[in-house]
Structure formats: C-alpha cells, structure tokens
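The values are calculated or read from the model by the stated rules, or taken from the named source; none is laboratory data. All values derive from a computational prediction rather than experimental measurement. With ideal geometry, Cβ positions are generated from the backbone for all residues, glycine too; neighbour counts draw on all protein chains shown.
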Amino acid sequence: MGQVLERIAVPALALLASAIAFGLLLAVYAGVDPLEAFELMYQGAFGTWFSWQNTLTRAAPLILTALCTALPARLGLVVIGNEGALVVGGVAAAAAGIATSSAPSLIAQLAMAIAAMAVGGLWIALAGWLRQWRGVNETISSLLLTYIAIALMNHFVEGPLRDPSSLNKPSTWPVGDANMIGPIPGTDVHWGLVFGIVACLLIWAFQRFTTWGFAMEVIGGNPKTARMMGLDVGRYVLLACFAGGAASGLAGMVEVAAVHGRANASLAVGYGFTGILVSFLARHNPLAIVPVAILLGGIGASGGLLQRRLDLPDAAVVVLQGILFVAILASETLYGRDWSRLWKWRETG
C-alpha cells in the first residue's frame, strides 16, 4: 500500500510543483494572473463537451506513443524514439492506403494498420538490436533514428509519393475517402482513442498474468540474474521494442486514416515527444497512461484559448510540459525513501 501511495503522491507533487513554477513564470514575465490562466486552461480542456472531444482526440495518439517508451522500460530500457516510429508508421500507412485504394475499405484499413505497425515496430527494434548486440545506448540511438525518420518522411512526401496537386504543403496521394476511419458514433473523436485504451488493457494483462510479462520484469530488475536463469534477454528486448514501436506506428496510421487522409509534415507535430512525458508521468504503467494522456491532451488543447484570451503564445503550454518533464525527472530521487523515519525525526526533533 505504501508503494501504491508513493507512486500516486510523487507524480502529484511533481504536477503541483510544475503548476506553481508555471504560474510564477506567467506572473513575472508575462504579467498574467496565474489563476485566470489555469481557469482558462480548464475551460479549454474540460469545460465543455467540445473541449472534451478536442482533449480526447489529442489524447489518442499520446496513449499509443507512450507505450513506445513504457514497454521497453519494463526491461530497464529508456527508448525515446516515439516520434520517429509514429512518422515512419504514418508514411507506411499512407503507402499501403495508396496501394490498396481500390480495395474494400476494411481490407485497405487493415493493410494500413499492419504496414504501420510492422514498420514502426522494426524501427524501434533496430534501437533495441543496437543496444543488445552492439552496445549502443538505446536512448541516443532511438533519438537519432527519429531525425532519420523525419528525413525519410520528407523524402517520400516530396518525392516518390507526392501528390502533384499538393503545392503549398507537399503531401502524399490521399488514401481515399472510403478508406478513412470515421469517428466514434455520437462524437467527433476518432477510433484511435479506443485503439489506445484497448492496447493499454491488453498490455497490462500481458504483463500482469503471463510468464513472458514476469520474465520481462525479472530482466528489468537484474539482467545478469535473468541470464543465469536461462532467459533469452536479447529476444525479450527485441519483443518489447517491436511492440512499443508498433503501438507508436499505429498512432501514425490513425493520424493518416482518421485525421489528415494523407501523410505530410503534420505527422511530426510532437505527439511522440509528449508521449515520452506521458509514460514517465504514468511510471510506465499501461493503466495509468490513459488518464495521464487525457490530462496532457487537455493541456495541449487549452493552448489556443490562452492565446485568444490572454494574448499568450500558443506554445505556452509546451513550456508547461517542459517544466513538468524536468519535475518528473527530479522526482525520481524521491522514490524508495523511508518516509516513516523522517516523520519520526520530525516528531522527536
């Protein structure tokens, strides 16, 4: 119970500290009333049904990209190539959609999903392979792979897959209106939200109730002990990295098939980088990723309202996310402390 409370209290304190720091920043440098700003953020994120739909739409890719960090973290890996897997997954989905544009919509959508998950999974598995068999740090390699992914996207979007009619904003050929994924009935939120929630539930059950999940926890705790027990660490590393990349690639497919209808520079808008923050704030717990992604999605959705009402830059919420990320990293030192000893010292001192 103490560990559960700790895992709730520490992120909550990080959120509180970030809010205070952001409020001071607004008051000192922007001359804005922090309470008014936070009230507007709440209204922009959760104040109306329209705000809720906007928040949930933004949360959908965050849930999927967060899994790209959360799954390898089970093995003690720090993978931050979420944006790269989303981008290459989106391009692969667009290519598959173009190739199957004349097929039945269900076949085309399945082809886009499979292509996106396969390419995104292989992209992050490459970082895992470099870590396991070449000793390359997975954090650095996955980050560098992100920039390679964006360069590849630009190549295909402006080259082989470019639609000649896309003049001002180079884009691929459209996947076709018939192959687009419609919204959840009664809402304007696309099905990516459902995909993300289902993925989190399945991964939690896999980690909690299967021997593979237990083996991954053992490897994350002590790789040397895992090898002594006969576990194939390399195979588990590749599995976790591939699954995480596949989830992020699926986010790219959803952005193509449910939002843009084609691949272009709009794929690289930072959902993958925010997914890293979601994963760390959720302590890499698949079940906690969903509410955290909704919270971060709400923060992102409120940026426009801050710009209109308080004349703040739309990127002001990105500053808050940056402060929050630093606070989360700093709060890592608070886990595992014996707080009862501190409480007794305060009582006696």
**Prompt:** What do you reckon, is residue 38 assigned to a helix (DSSP H, G or I), farther than 19 Å from residue 315 by Cβ, without any contact (Cβ under 8 Å) to a residue 60 or more places away in the chain and out of contact with any Gly (no Cβ under 6 Å at 6 or more places or on another chain)?
**Reply:** no
**Asked** Looking at the range 15-29, which of its residues are touching a helix residue (DSSP H, G or I) at 6+ places or on another chain (Cβ under 8 Å) and either at pLDDT below 90 or within 28 Å of residue 190 (Cβ to Cβ) (or both)?
**Response** 15
**Request:** Among the candidates 254, 198, 290, single out the residue that is β-branched (Val, Ile, Thr), closer than 29 Å to residue 166 by Cα, modelled with pLDDT of 95 or more and part of a helix (DSSP H, G or I).
**Result:** 254
**Asked** Going through the range 211-253 one residue at a time, which ones are touching a helix residue (DSSP H, G or I) at 6+ places or on another chain (Cβ under 9 Å) and hydroxyl-bearing (Ser, Thr, Tyr)?
**Response** 225, 236, 248
**Asked** When you look at residue 152, is it in contact (Cβ under 8 Å) with a residue 24 or more places away in the chain, out of contact with any Gly (no Cβ under 8 Å at 6 or more places or on another chain) and part of a helix (DSSP H, G or I), yes or no?
**Response** yes
**Message:** If I filter the range 204-257 down to residues being of a type in the set (Ser, Thr, Tyr) and buried (at least 18 other Cβ atoms within 10 Å of the Cβ), which single residue comes out as farthest from residue 133 (Cα to Cα)?
**Reply:** 248
**Request:** Answer yes if at least one residue in the range 125-137 is surrounded by fewer than 24 Cβ atoms within 10 Å (Cβ to Cβ), at pLDDT below 95, over 18 Å from the mean Cα position of the chain (by Cα) and of a type in the set (Phe, Trp, Tyr), and no otherwise.
**Result:** yes
**Request:** Looking at (1) without any contact (Cβ under 8 Å) to a residue 12 or more places away in the chain; (2) within 20 Å of residue 94 (Cα to Cα), find the lone condition where residue 179 falls short.
**Result:** (1)
**Prompt:** In the range 169-193, which residues are assigned to a helix (DSSP H, G or I) and exposed (fewer than 13 other Cβ atoms within 10 Å of the Cβ)?
**Reply:** 177, 178
**Message:** Residues to consider are 85, 95, 99, 59; find the one that is among the hydrophobic types (A, V, I, L, M, F, W, C) and in contact with a strand residue (DSSP E or B) (Cβ under 8 Å, 6 or more places away or on another chain).
**Reply:** 95
**Asked** Would you say residue 48 is more than 15 Å from residue 321 (Cβ to Cβ), among the polar types (S, T, N, Q) and either buried (at least 17 other Cβ atoms within 10 Å of the Cβ) or modelled with pLDDT under 90 (or both)?
**Response** no
**Prompt:** Scanning for something assigned to a helix (DSSP H, G or I), among the acidic types (Asp, Glu) and over 18 Å from residue 95 (Cβ atoms), does the range 135-147 turn up at least one residue?
**Reply:** yes
